[in-house]
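The values are calculated or read from the model by the stated rules, or taken from the named source; none is laboratory data. Small disclaimer: the values here were computed from a predicted structure and weren't measured. Reconstructed Cβ throughout: ideal geometry from the backbone, glycine too, with neighbour counts over all protein chains shown.
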Amino acid sequence: MTKRPIIIDTDPGIDDAVALAIALYSEELEVKLITTIAGNVGLDKVTTNALRLLQFFGKDIPVALGATKPLIKAPIDASDIHGSTGMDGFEFEEPTKDLVLKEHAVNAMRRVLMESPEPITLVPIGPLTNIALLLSMYPEVKEKIAKIVLMGGSTGRGNMGVMSEFNIVADPDAAKIVFQSKLPVVMVPLDVGLKALVYPEDSEQLKGMNDTGRMIYQLFQKYRGGSMKTGLKMYDATAIAYLLKPEMFQVVDTFVDIELQGAMTAGCTVVDLKGYLKQPNNAKVCVDIDADVFKKWFLESLQKCN
Ligand code: BDR
Ligand code: CA
């Protein structure tokens, strides 16, 4: 089977770790590059986490460091959810820096895209700063991008503000550039992440599954302060689920814009499901997910890991 090439832009992050595990062990995907972005915690920490994961998995994927802060606004983080390291809960070995490229993430993405004989799918699962910089600095890459499948935004309420989701509110100016890029954009929002839940009994299955399952089980003990009873949300894994099993989602074509100025709503995704704004569609938005199919897929996918 020819593998589909992807680039993952990430801020690991416990749910990022799950997404990376599933993507890296998938027989259908070829992860050409991992780029890091300040988000859940600062850039140095998320990069160390990406390297820790790659060393743990024994996967030699190049890693390029991206932006240390958003385009305009002041940085925020989500260390209350993921712990002060961004991936609290498991004692990883200190990773080597052998996989780190000298190029900045934006230049590495440009090179990998331009050298690729076939278009590559970008999978951002953190704030969109690197992707916005790439599209602004090197618009020639657009013809090499198959699509952008991003985890972020919400059709309704938020998880970082009343109306705002973390990845978008962390850099709303970048998000606006991405949604206005005229590229095929798939938004896998909070709405589906809130239903992609892992309960304590699911997590128990991971413990004895394999080394990756054991590692993720331990991370889950610290995710969101260890409050697992109401279900842990596998946000970033839903973007990988869309790539590998899109039929588990209900998807609509619609217009999405980012609120930049709202006194209380800045950083929210305005998803015009009813067409009030009379704008052409610029995104596919996943509005629902079959939670049972997701759960089965999640466990089966992690079974393929070492
Ligand atoms: C998103 O925010 C981060 O904390 C998660 O890693 C995910 O990418 C969910 O809102
Ligand atoms: Ca993330």
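Summary of values
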| read-out | value |
| --- | --- |
| Hey, PHE90 farther than 30 Å from MET160 by Cα and crowded, with 17+ Cβ neighbours inside 10 Å or not | no |
| Filtered residue count, region 151-178, keeping only those that are of a type in the set (Ser, Thr, Tyr) and within 16 Å of ligand 2 (Cβ to nearest atom) | 2 |
| Tabulated pairs, region 1-15, first away from ligand 2 (no atom under 16 Å from the Cβ), second assigned to a strand (DSSP E or B), C-beta under 7 angstrom, 6+ apart or interchain | LYS3/LEU29; LYS3/GLU30; ARG4/LEU29; ARG4/GLU30; ARG4/THR121; PRO5/GLU30; PRO5/LYS32; PRO5/ILE120 |
| Every pair of residues 6+ apart whose Cβ atoms lie under 7 Å, when the first sits in region 49-67 and is more than 14 Å from THR85 (Cβ to Cβ) while the second is among the aromatic types (Phe, Trp, Tyr) and surrounded by fewer than 24 Cβ atoms within 10 Å (Cβ to Cβ) | PHE56/PHE92 |
| Strands (runs of 3 or more DSSP E) within region 1-79 that include 1 or more residues modelled with pLDDT of 95 or more, within 13 Å of ligand 1 (Cβ to nearest atom) and closer than 25 Å to GLY267 by Cα | 4-10, 29-36 |
| Some residue of region 214-234 being surrounded by fewer than 19 Cβ atoms within 10 Å (Cβ to Cβ) and of a type in the set (Val, Ile, Thr) | yes |
| Per-region count, region 147-176, residues among the aliphatic types (A, V, I, L, M) and free of Cβ contacts under 8 Å to residues at least 60 places away in the same chain | 1 |
| Qualifying residue in region 183-190 (condition: touching a residue at least 40 places away in the same chain (Cβ under 8 Å), within 14 Å of ligand 2 (Cβ to nearest atom), out of contact with any helix residue (DSSP H, G or I) (no Cβ under 7 Å at 6 or more places or on another chain) and not in a helix (DSSP H, G or I)) | yes |
| Residues within region 80-93 that are more than 10 Å from ligand 1 (Cβ to nearest atom), in contact (Cβ under 8 Å) with a residue 12 or more places away in the chain and within 18 Å of ARG214 (Cα to Cα), tallied | 6 |
| Output for region 131-170, where each listed residue is more than 20 Å from VAL41 (Cβ to Cβ), of a type in the set (A, V, I, L, M, F, W, C) and part of a loop (DSSP other than H, G, I, E, B) | VAL162, MET163 |
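Matching residues to (1) surrounded by fewer than 20 Cβ atoms within 10 Å (Cβ to Cβ); (2) touching a strand residue (DSSP E or B) at 6+ places or on another chain (Cβ under 7 Å); (3) closer than 17 Å to GLN218 by Cβ:
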residue: PRO5; (1), (2), (3): yes, yes, no
residue: ILE8; (1), (2), (3): no, yes, no
residue: GLY13; (1), (2), (3): no, no, yes
residue: LEU20; (1), (2), (3): no, yes, yes
residue: LEU29; (1), (2), (3): no, yes, no
residue: LEU33; (1), (2), (3): no, yes, no
residue: LEU43; (1), (2), (3): yes, yes, no
